[in-house]
Amino acid sequence: MYLYHFSEESDIKRFVPKEKQNIQGMPPLVWAIDQEHEVSYYFPRDCPRIILRKTAAATDDQAGNLFAGTTATTIITVESRWYTAIKNTTLYRYVFPRQGFELFDQTAGYYTSPRTLEPLRVEAMDHLVDRILATGAELRFTDNLYPLREAILASGYPDFGIHRFANARAKVE
């Protein structure tokens, strides 16, 4: 099993543990993601996005409301203004062996390591929209992510990710 780190930088030789600024008191770590969840990172780094995964932990009402009208088990929603950047960005997938990492969050597929690591290889990834769709995920675009975020939080839906939301457009009143 391999783990991955995604970057817009093509020449990272070593991954040095860093403090996670949004989690207080956590030691410096190298972060990676598993194959099942890697599609969450097929985006420019700063692109705000919401990822929903249909799982058995969700009630029929929760899943029915959020997954109405689709057979997809993953829905990714981004702001329309990011379409061109997603389409034109080349990402670099750094590949690591699973050994040396510990599971941090099973729902999100996050793994961490306290050690400085060198990747096994780096793979250029372009045509990101095509890659996202090839995973079977449904890719949705919206003018503003706030209504979806509020609906998810109000629903109590258990399996979602909200990434780079600080970069989302301001809430429309």
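Bear in mind these aren't lab numbers, they're just calculated from the coordinates by the rules spelled out. Computed from a prediction, not measured in an experiment: that's the story for all the values here.
Between region 4-65 and region 89-148, what is the C-alpha centre distance in whole Å? Computed from Cα coordinates, the inter-centre distance equals 6 Å.
Considering Cα pairs under 8 angstrom that are at least six residues apart, work out the relative contact order of region 36-143 and quote it in whole percent.
Values: 138 pairs, mean separation 38.1, N = 108.
With pairs under 8 Å counted, the relative contact order is 35 percent.
Taking every DSSP bridge with both residues inside region 2-167, close to 85 percent are antiparallel. Amide hydrogen proximity for Val30: with H placed 1.01 Å from N in the peptide plane, the residues at 5 or more positions away or on another chain lying under 5 Å are Lys18, Ser113, Arg115. Given an 8 Å cut-off on Cα distances and at least 6 residues of separation, report the relative contact order of region 44-100 as a percent. In percent, rounded to a whole number, it is 46. Note the listed values (1) 9, 34, 32, 19, 6, 1; (2) 9, 35, 37, 17, 2; (3) 10, 41, 36, 11, 1, then indicate which one is P(r) over Cα pairs in 10 Å bins from 0, in percent calculated from this particular structure. Label (2) holds the value from this structure.
Would you compute, from DSSP H runs of 4+ residues alone, the mean residue ellipticity of the chain at 222 nm, taking -39500 (n - 2.57) per run and dividing by the full residue count, rounded to the nearest 500? Let's see the in-between values first.
Working: 4 runs with 30 residues, N = 173.
Calculated mean residue ellipticity at 222 nm is -4500 deg cm²/dmol.
Once both axes come from the Cα atoms, what is the angle between helix 146-155 and the longest principal axis of the chain, in degrees from 0 to 90, rounded to 10? Around 80 degrees separate the two axes.
Converting phi to 3J(HN,Hα) with the Karplus coefficients 6.51, -1.76 and 1.60 and the offset θ = phi - 60°, region 81-96 yields 5, 8, 3, 4, 5, 4, 4, 9, 7, 9, 9, 10, 9, 8, 9, 10 Hz in sequence order, with x at every glycine or proline.
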